Amino acid sequence: MKTTILIIFILLFPACQGDKKLTLKDSKREIISSEVLLDSLYVAYNENSEERIKSFFREWNNAVPSISSQIINESDTLRNVFKIFKQMYRPCDLLKLGDWEWGNKLNSNSQYVIVQKNLTYVILETTSLDSYSSEDVRKITIENFRPSIHVNPDSTLYLTSEYENALNKFLEDDSSEVGEENIMNPSQPKNESKRRYDFLRKYIPILHGHWGGLWHLETHPEINLIVLDKTLSKALVFFRVGFQGGEAQLTKNNNAWIIENSEATWIE
């Protein structure tokens, strides 16, 4: 049966020109409520069942596949944005993007990667990336973003609102204060949150937020923004790795995107 594909554009106009949301939808995705997912996590955890938690991740992998290539190929812009993300997203080769405090170990010793559910991009009206200013351009956010990546599909999980809500509720946020015991220490999960984190960490490389109050469920690098010139031949990418962030410059050569330079530019 031919897959039914819908593209829904939602325009927001808080001023004369607002940001835009582009929601990609296709019939391949199976929607499971966050309540059902949370119950499955509780059962697996309370029974300390390796079989049940493995089943949870296998079912997630099967329920939420990558988006159809048909939808990407209908738009030259989308095709380039997806290609740039794929070139940048190397969670097992982070040193390709710069030098990081964890080296290449941030995502080690886990069976899956979790891909972010949204991606924001900008198209400039000039050929110069130097003209970019975050206040002067319309940002377009792709929702339900499920790209193919350079990771085995059997080890790839695509984050959705349902899985995000279930995981956050399961993990809770019992954590230490920043600087506790040592002024340089980030916030750390403790008590029940720590035990639940340990239960999941060998499957997914989640990271507790530096300042507390949140979990980084997406496996880094998290791509925060892609800026494209008007010819779709040059790009500037802003991204996060752990408690650091960076910028990368890419150019398109024979329809392939090449990373010309990438480096860490800030740290929390």
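Candidates are the residues of region 88-119 that are over 19 Å from HIS208 (Cβ atoms) and surrounded by 19 or more Cβ atoms within 10 Å (Cβ to Cβ); the one that is nearest to the chain's Cα centre (by Cα) is VAL115. Looking at ILE259, ILE223, which one is within 15 Å of the chain's Cα centre (by Cα) and in contact (Cβ under 8 Å) with a residue 40 or more places away in the chain? When all the criteria are applied, what remains is ILE223. None of ILE53, ILE72, ILE32 is hydrophobic (A, V, I, L, M, F, W, C) and either at pLDDT below 90 or under 23 Å from ASN224 (Cα atoms) (or both) except ILE72. Could we say that THR219 is of a type in the set (S, T, N, Q) and surrounded by fewer than 20 Cβ atoms within 10 Å (Cβ to Cβ) here? Spelling it out, it is not the case that THR219 is of a type in the set (S, T, N, Q) and surrounded by fewer than 20 Cβ atoms within 10 Å (Cβ to Cβ). Residues in region 233-247 that are closer than 18 Å to SER108 by Cβ and within 14 Å of the chain's Cα centre (by Cα): ARG240, VAL241, GLY242.
Conditions tested, residue by residue: (1) surrounded by fewer than 18 Cβ atoms within 10 Å (Cβ to Cβ); (2) free of Cβ contacts under 8 Å to residues at least 60 places away in the same chain; (3) more than 30 Å from SER66 (Cα to Cα); (4) small (Gly, Ala, Ser).
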{"position": "GLU125", "(1), (2), (3), (4)": "yes, no, yes, no"}
{"position": "ILE140", "(1), (2), (3), (4)": "no, no, no, no"}
{"position": "THR156", "(1), (2), (3), (4)": "no, no, no, no"}
{"position": "LEU159", "(1), (2), (3), (4)": "no, yes, no, no"}
{"position": "LYS169", "(1), (2), (3), (4)": "yes, no, no, no"}
{"position": "SER176", "(1), (2), (3), (4)": "yes, yes, yes, yes"}
{"position": "GLU192", "(1), (2), (3), (4)": "yes, yes, yes, no"}
{"position": "TYR197", "(1), (2), (3), (4)": "no, yes, no, no"}
{"position": "PRO205", "(1), (2), (3), (4)": "no, no, no, no"}
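The values are calculated or read from the model by the stated rules, or taken from the named source; none is laboratory data. Being a predicted model, the structure only gives us computed values, none of them experimental. Using ideal geometry, Cβ is built from the backbone for each residue, glycine included, and neighbour counts are taken over all protein chains shown.
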